[in-house]
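**Student:** Sending over a structure as structure tokens; questions will come in a sec.
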Amino acid sequence: MIDASLTGERIHFVTGKLSEHALRNMLERLAGQIGFQPTVQVLNITVAALMTTDWIARRIEVPEGTDRVVIPGLCKGDIALLEQKTGVPVERGPEDCRRLDEWFGQKRQDLDDYGEHNIEVIAEINHANRFSHKELFAESTRLRLAGADVIDVGCTPGESWTDIGNAIAMLVDEGFRVSVDSFEPGEVLSATQAGAVLVLSVNSRNVEAA
């Protein structure tokens, strides 16, 4: 851990592409709080933890006047190799750049809500017009058990499905949330009137029906 009293230091951080945005955001805030001057070098690798010290040594470019270098905490290898190459002290940072607060001796950032998400899984049944109601119900049940939140009833271009309203009404009555995938205005209108909650493949021809 770096001594947080060392304000004014020029610290060069090495990272990968995936962590760049998060690291820069953290450093912008912490630099203002602590008073150090950060620089960031993004090496040509997606996951920073896969870097090794010898791999970094062949690519690192340390700005003039740098006081120390910080590499990702999960990087393997001998730090002495990097210190010999750069001529400045090298330290491993935290394993997760979101823990830089603690690493700098600051109050830990609250990450309790980090990673919360609100997504739904849509599972499509292709050529659903070729299924009987019994087959459609069975396939929808299988997809729901596999994790689908919405069953997308996919129509077949060039094949008119006059029974689509009844098919979707059946699924809705069985407790399914249903979407429809069709460019045909008539199919879309029948589907939404029967309870479809979402229309995919919307264009100028079917937007009014959607």
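**Student:** Out of Glu116, Glu120, Glu102, Glu95, I need the residue that is touching a Leu at 6+ places or on another chain (Cβ under 6 Å) and modelled with pLDDT under 90. Which one? First the steps, then the outcome.
**Tutor:** Values: Glu116 fails: touching a Leu at 6+ places or on another chain (Cβ under 6 Å); Glu120 fails: touching a Leu at 6+ places or on another chain (Cβ under 6 Å); Glu102 fails: touching a Leu at 6+ places or on another chain (Cβ under 6 Å).
Only one candidate passes the filter, namely Glu95.
**Student:** Taking the stretch 56-111 as the region of interest, how many residues are within 23 Å of Asn44 (Cβ to Cβ), of a type in the set (Asp, Glu) and assigned to a loop (DSSP other than H, G, I, E, B)?
**Tutor:** Here the count works out to 5.
**Student:** Condition test on Ile2, is it more than 28 Å from the chain's Cα centre (by Cα), at pLDDT below 90, over 17 Å from Glu95 (Cα atoms) and surrounded by 14 or more Cβ atoms within 10 Å (Cβ to Cβ)?
**Tutor:** Values: more than 28 Å from the chain's Cα centre (by Cα): yes; at pLDDT below 90: yes; over 17 Å from Glu95 (Cα atoms): no; surrounded by 14 or more Cβ atoms within 10 Å (Cβ to Cβ): yes.
Taking the combined requirement at face value, the residue does not satisfy it.
**Student:** Are there any strands (runs of 3 or more DSSP E) wholly within the stretch 140-209 with 1 or more residues that are within 20 Å of Ile122 (Cα to Cα) and either modelled with pLDDT of 95 or more or of a type in the set (Ser, Thr, Tyr) (or both), and if so which? Explain how you work it out, then say what you get.
**Tutor:** Values: elements: 150-154, 178-181, 198-200.
The qualifying strands (runs of 3 or more DSSP E) are 150-154, 178-181.
**Student:** Quick check on my filter: what residues within the stretch 114-139 are in contact with a Ser or Thr (Cβ under 9 Å, 6 or more places away or on another chain) and not in a helix (DSSP H, G or I)? Before you say what the answer is, go through the steps one by one.
**Tutor:** We begin by selecting, within the stretch 114-139, every residue in contact with a Ser or Thr (Cβ under 9 Å, 6 or more places away or on another chain); these are 122-130.
Scanning the stretch 114-139 gives Ile122, Ala123, Glu124, Ile125, Asn126, His127.
**Student:** Continuing with the same structure: I need the full set of residues from the stretch 42-75 which are surrounded by fewer than 15 Cβ atoms within 10 Å (Cβ to Cβ) and under 26 Å from the mean Cα position of the chain (by Cα), in order please. If you could, list the steps in order and put the result at the bottom.
**Tutor:** From the stretch 42-75, those surrounded by fewer than 15 Cβ atoms within 10 Å (Cβ to Cβ) are 44, 46-47, 50, 52, 54, 58-59, 61, 63-65, 67; that's our starting set.
Residues satisfying the conditions are Asn44, Thr46, Val47, Leu50, Thr52.
**Student:** Tell me which of these Ala49 doesn't satisfy, since it passes every other one: (1) of a type in the set (A, V, I, L, M); (2) at pLDDT 90 or above; (3) not assigned by TED's automatic domain parsing to the domain that holds Cys155.
**Tutor:** Condition (2) is where Ala49 drops out.
**Student:** Sticking with this one: State whether the residues of the stretch 28-49 include one that is polar (S, T, N, Q) and in contact with a Cys (Cβ under 7 Å, 6 or more places away or on another chain).
**Tutor:** Initially, the stretch 28-49 is screened for residues polar (S, T, N, Q), giving 33, 37, 39, 41, 44, 46.
The next check asks that each one be in contact with a Cys (Cβ under 7 Å, 6 or more places away or on another chain); those that pass are none.
Taking every residue of the stretch 28-49 in turn, none turns out to be polar (S, T, N, Q) and in contact with a Cys (Cβ under 7 Å, 6 or more places away or on another chain).
**Student:** Condition check: at pLDDT below 95, assigned to a loop (DSSP other than H, G, I, E, B) and more than 22 Å from the chain's Cα centre (by Cα). Does Leu18 satisfy that? Can you show your working first?
**Tutor:** Working: at pLDDT below 95: yes; assigned to a loop (DSSP other than H, G, I, E, B): yes; more than 22 Å from the chain's Cα centre (by Cα): no.
When the stated conditions are applied, Leu18 does not pass them.
**Student:** Just give me the residues in the stretch 180-205 being crowded, with 20+ Cβ neighbours inside 10 Å, under 31 Å from the mean Cα position of the chain (by Cα) and among the hydroxyl-bearing types (Ser, Thr, Tyr), in sequence order.
**Tutor:** Ser182
**Student:** All but one of (1) modelled with pLDDT of 85 or more; (2) in the same structural domain as Gly16 (by TED's automatic domain parsing) hold for Phe131, so report the exception by its number.
**Tutor:** (2)
The values are calculated or read from the model by the stated rules, or taken from the named source; none is laboratory data. The structure presented is a predicted model; accordingly, all values stated were derived computationally and were not measured. Backbone-built Cβ (ideal geometry, glycine too); neighbour counts: all protein chains shown.
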